[in-house]
Amino acid sequence: MSQAAEAVTISIRAKTRQRDLIDQAAERLGRSRSDFMLEAACRQAEDVLLDQTYFAVDGERFAAFQALLDNPPAVSDRLRRTMKAPAPWAKG
């Protein structure tokens, strides 16, 4: 087994009420406590890292981006439908 695929133990302390809350949610999803906690922690970790991603652009592209922000599109039926549609990542 490679190091990347090797399972490791992660230990944390929790209050009884926290454990019970986690257990209740995991049970509702038919998951084990460990699977539930690991999935939730990984999802949060990805969100944190994605929120801190740095994008570098040259002055011309930044000016074009700034112009888009300063001049939002005119309201239209298409825009209204788009804004009411669920986000692709929220579908499930």
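The values are calculated or read from the model by the stated rules, or taken from the named source; none is laboratory data. Owing to the predicted nature of the structure, the values given are computational and were not obtained by experimental measurement. No Cβ is skipped: glycine too gets one built from the backbone with ideal geometry, and neighbour counts run over all protein chains shown.
For this structure, a couple of remarks:
- For the range 1-23, the set of residues classified as surrounded by 10 or more Cβ atoms within 10 Å (Cβ to Cβ) and among the polar types (S, T, N, Q) consists of Q18 only.
- When residues of the range 78-92 are limited to those that are at pLDDT 90 or above and assigned to a helix (DSSP H, G or I), the one surrounded by the most Cβ atoms within 10 Å (Cβ to Cβ): L79
- Search result, residues across the range 32-43 that are among the polar types (S, T, N, Q) and in a helix (DSSP H, G or I): S34
Residue-by-condition table, conditions (1) within 24 Å of the chain's Cα centre (by Cα); (2) surrounded by 10 or more Cβ atoms within 10 Å (Cβ to Cβ); (3) without any contact (Cβ under 8 Å) to a residue 12 or more places away in the chain:
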| site | (1), (2), (3) |
| --- | --- |
| T53 | yes, no, yes |
| E60 | no, no, yes |
| A63 | no, yes, yes |
| S76 | no, no, yes |
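- Restricting D23, D77 to those that are in contact with a helix residue (DSSP H, G or I) (Cβ under 7 Å, 6 or more places away or on another chain) and not β-branched (V, I, T) reduces the list to D23.
- Scanning the range 1-31 for residues being within 24 Å of W89 (Cα to Cα) and outside any helix (DSSP H, G or I) gives a total of 3.
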